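Engineer: Below: one structure in structure tokens.
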Amino acid sequence: MASRNIVSKATPRRARGSRAQKTDTREQLLETAGQVFSEKGYAGATGKEICERSGANAAAVVYHFGGMENLYKEVIHEARRRLAPSEALAVAVARQTDPKSKLTAFIGLLAGRLAGPLSSTWAVRLISREMISPTPIFDEIRNKEMRGRAAILRGIISELTQLPEDHPAVARACINIMAPFGVMLLITPQRIERTFPVLSFGPEGMDELTHHMVEFALGGLEAIARQARTLTR
């Protein structure tokens with residue numbers, strides 16, 4: 001009887017340990033895969049290298065993800081999660097009450113992620129690679145993300161300009177505001193600093209960068225709103 005009690009108590013502990021080990025292996029594979037994909041792209045990466053670099057069994061990619069395609073999808077989703085996804089932007093904007101504060105929250109969150117310490121990680125390198133040479137796997141995720149961000153930004157710009165969300169000027173303003181973040185992804189803040197040494201993208205420069213981008217956007221929005229009103233008279 002006593003021995004059965006010992007076994008029944010020990011078994012859940014072993015099960016919990018086994019589940020934790022599986023989770024750790026999966027997370028390690030995901031992190032290592034992100035590094036390998038960012039270096040070599042989807043076509044150049046192999047499951048063998050990812051398993052070797054993560055210290056996992058050679059069949060671990062298939063066991064945990066079902067194959068390289070599913071692993072790549074998971075890696076892309078993880079990169080997206082780290083780079084201020086539209087859901088996080090929506091939450092940050094919803095906390096604000098006036099349109100200028102909403103624009104500041106939107107720009108500040110993106111600037112903090114893309115120009116801050118995260119800019120030197122595999123997540124940014126991978127998305128940058130995908131922007132230059134997108135894979136079919138990335139296209140669907142990118143389109144969904146762009147639609148999500150555009151919907152948030154259209155609402156903010158509409159409030160600031162008093163123009164309908166479907167006005168062409170609002171759409172063009174969305175492009176103007178989002179374009180610098182595409183530059184940060186493609187060129188990286190480190191290279192921008194080498195070109196313009198007077199600039200700093202470190203923690204001490206984030207508030208200044210956000211303030212500049214917001215004020216620059218507000219100036220442009222005021223001008224296009226004024227022009228739109230003139231044309232409708």
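Engineer: Answer with yes or no whether A169 is more than 15 Å from the chain's Cα centre (by Cα) and open to solvent by less than 20 Å² (accessible area, probe 1.4 Å).
Structural biologist: On the way: more than 15 Å from the chain's Cα centre (by Cα): yes; open to solvent by less than 20 Å² (accessible area, probe 1.4 Å): yes.
Considered against the rule, which asks whether it is more than 15 Å from the chain's Cα centre (by Cα) and open to solvent by less than 20 Å² (accessible area, probe 1.4 Å), A169 comes out as yes.
Engineer: Output the residues belonging to the range 112-138 that are of a type outside the set (A, V, I, L, M, F, W, C), open to solvent by less than 50 Å² (accessible area, probe 1.4 Å) and without any contact (Cβ under 8 Å) to a residue 60 or more places away in the chain. Step through it out loud before you land on a result.
Structural biologist: Residues of the range 112-138 of a type outside the set (A, V, I, L, M, F, W, C): 112-113, 116-117, 119-121, 125, 128-130, 133-136.
Now restrict to residues that are open to solvent by less than 50 Å² (accessible area, probe 1.4 Å): 112, 116, 119, 121, 128, 130, 135.
Across the range 112-138, the qualifying residues are T121, E130.
Engineer: Any residue in the range 174-196 that is closer than 20 Å to H77 by Cβ and without any contact (Cβ under 8 Å) to a residue 40 or more places away in the chain?
Structural biologist: No, the range 174-196 has no match at all.
Engineer: Residues in the range 210-217: is at least one open to solvent by 60 Å² or more (accessible area, probe 1.4 Å), charged (D, E, K, R), at pLDDT 85 or above and touching a Gly at 6+ places or on another chain (Cβ under 9 Å)?
Structural biologist: The first filter runs over the range 210-217 and keeps only residues open to solvent by 60 Å² or more (accessible area, probe 1.4 Å), leaving 211-212, 215-216.
Okay, now just the ones that are also charged (D, E, K, R), so 215.
Applying the additional criterion that residues be at pLDDT 85 or above yields 215.
Filter again for touching a Gly at 6+ places or on another chain (Cβ under 9 Å), leaving none.
So far as the range 210-217 goes, no, none of its residues is open to solvent by 60 Å² or more (accessible area, probe 1.4 Å), charged (D, E, K, R), at pLDDT 85 or above and touching a Gly at 6+ places or on another chain (Cβ under 9 Å).
Engineer: Tell me, which residue of the range 133-162 that is under 15 Å from the mean Cα position of the chain (by Cα) and of a type in the set (G, A, S) is farthest from V214 (Cα to Cα)?
Structural biologist: Across the range 133-162, the extreme among qualifying residues is G148.
Engineer: From the list R81, R53, exactly one residue is surrounded by 13 or more Cβ atoms within 10 Å (Cβ to Cβ), modelled with pLDDT of 85 or more and of a type in the set (K, R). Which is it?
Structural biologist: Answer to the selection: R53.
Engineer: Within the range 199-206, does at least one residue satisfy the condition of being without any contact (Cβ under 8 Å) to a residue 24 or more places away in the chain, open to solvent by 30 Å² or more (accessible area, probe 1.4 Å) and part of a helix (DSSP H, G or I)?
Structural biologist: Yes, some residue in the range 199-206 is without any contact (Cβ under 8 Å) to a residue 24 or more places away in the chain, open to solvent by 30 Å² or more (accessible area, probe 1.4 Å) and part of a helix (DSSP H, G or I).
Engineer: To continue, here is another question. Across the range 152-194, what is the total count of residues that are within 21 Å of V91 (Cα to Cα) and in a loop (DSSP other than H, G, I, E, B)?
Structural biologist: Result for the range 152-194: 1.
Engineer: Same structure again: Any idea which of (1) within 24 Å of E165 (Cα to Cα); (2) open to solvent by less than 30 Å² (accessible area, probe 1.4 Å) is the one T230 doesn't satisfy?
Structural biologist: (2)
Engineer: Somewhere in the range 63-73, is a residue more than 30 Å from G112 (Cα to Cα), open to solvent by 70 Å² or more (accessible area, probe 1.4 Å) and among the charged types (D, E, K, R)? Write out each step before concluding.
Structural biologist: Quick first cut of the range 63-73, residues more than 30 Å from G112 (Cα to Cα) only: 63-69.
Of the ones still in play, those that are also open to solvent by 70 Å² or more (accessible area, probe 1.4 Å) are 63, 69.
Narrowing the set further to residues that are among the charged types (D, E, K, R) leaves 69.
The answer is yes; a qualifying residue exists.
Engineer: Taking the range 29-60, which residues are under 24 Å from the mean Cα position of the chain (by Cα), in a helix (DSSP H, G or I) and among the aliphatic types (A, V, I, L, M)?
Structural biologist: Residues satisfying the conditions are L29, L30, A33, V36, A43, I50.
The values are calculated or read from the model by the stated rules, or taken from the named source; none is laboratory data. Here the structure is a predicted model, which means the values were calculated and not measured. Glycine gets a Cβ as well: all are built from the backbone with ideal geometry, and neighbour counts include every protein chain shown. Ligands, DNA and RNA are stripped out before the accessible areas are found, and what is left, the full protein with its side chains, is counted by its heavy atoms. Shrake-Rupley method; radii C 1.70, N 1.55, O 1.52, S 1.80 Å.
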